[in-house]
Amino acid sequence: MFELIYRSVARPTITTADIENILNTSRDFNAKNNITGCLVFHNNEFIQILEGDTQTVKALYAKIKNDQRHTDVMLLDENEKEQRIFPNWSMAYYDLNSNNVNESDRLLFINNFIITADITEKPTHAVKLFWHIAKLLVEE
Ligand SMILES: Cc1cc2nc3c(=O)[nH]c(=O)nc-3n(C[C@H](O)[C@H](O)[C@H](O)COP(=O)(O)O)c2cc1C
């Protein structure tokens with residue numbers, strides 16, 4: 001099992017339709033290719049964690065890096081690990097843009113920190129980093 005985490009900056013012109021397209025493509029492709037993970041969108045920045053077979057995740061990341069809908073793609077961490085953290089999510093998504101996030105979404109998101117912390121016996125550095133950055137974003 002391999003995991004990879006990166007952050008990037010959305011094109012200023014990105015639309016809700018663009019995001020929906022990304023999610024539709026992702027959920028379809030990821031489900032077929034045994035990739036799971038989570039994508040957070042906040043203040044025009046993305047942070048994403050991907051997990052799956054090493055070659056599949058690396059090949060997908062290469063495609064994502066070239067995607068014109070975002071820029072400044074920065075790899076934060078990648079490593080082999082024992083088990084999946086997001087077994088049931090082909091691509092969980094949180095839109096935390098301050099003007100359209102509501103309280104129940106925010107609570108759901110924070111609740112996921114607790115669940116993830118609970119199910120993760122030995123969280124890898126990447127997973128800790130992912131939740132740490134996501135938590136900073138949600139608290140902004
Ligand atoms: C922030 C962001 C995250 C993405 N995450 C995924 C993903 O998890 N899985 C996926 O298949 N495509 C994802 N994409 C879309 C890919 O960049 C690419 O458009 C898609 O793999 C289709 O590529 P293709 O048309 O060359 O096959 C993401 C794009 C962006 C901008």
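The values are calculated or read from the model by the stated rules, or taken from the named source; none is laboratory data. The structure presented is a predicted model; accordingly, all values stated were derived computationally and were not measured. With ideal geometry, Cβ positions are generated from the backbone for all residues, glycine too; neighbour counts draw on all protein chains shown. All accessible areas refer to the heavy atoms of the entire protein, side chains included, with ligands and DNA or RNA removed. Shrake-Rupley method; radii C 1.70, N 1.55, O 1.52, S 1.80 Å.
Scoring Asn21 on the criteria (1) within 13 Å of the chain's Cα centre (by Cα); (2) farther than 23 Å from Lys128 by Cα leaves a single failure, condition (1). Restricting attention to the stretch 2-29, and to residues there that are in contact with an Asp or Glu (Cβ under 8 Å, 6 or more places away or on another chain) and under 18 Å from Leu75 (Cβ atoms), which single residue is surrounded by the fewest Cβ atoms within 10 Å (Cβ to Cβ)? The residue in question is Val9.
In the set Thr25, Thr54, only one residue is more than 10 Å from the ligand (Cβ to nearest atom) and among the hydroxyl-bearing types (Ser, Thr, Tyr); that residue is Thr54.
In the stretch 30-50, of all residues being assigned to a helix (DSSP H, G or I) and not aliphatic (A, V, I, L, M), the one that is least open to solvent (accessible area, probe 1.4 Å) corresponds to Asn30.
Taking the listed residues Gln83, Gln68, the one that is in a loop (DSSP other than H, G, I, E, B), near the ligand (Cβ under 9 Å from one of its atoms) and surrounded by fewer than 16 Cβ atoms within 10 Å (Cβ to Cβ) is Gln68, with no other qualifying.
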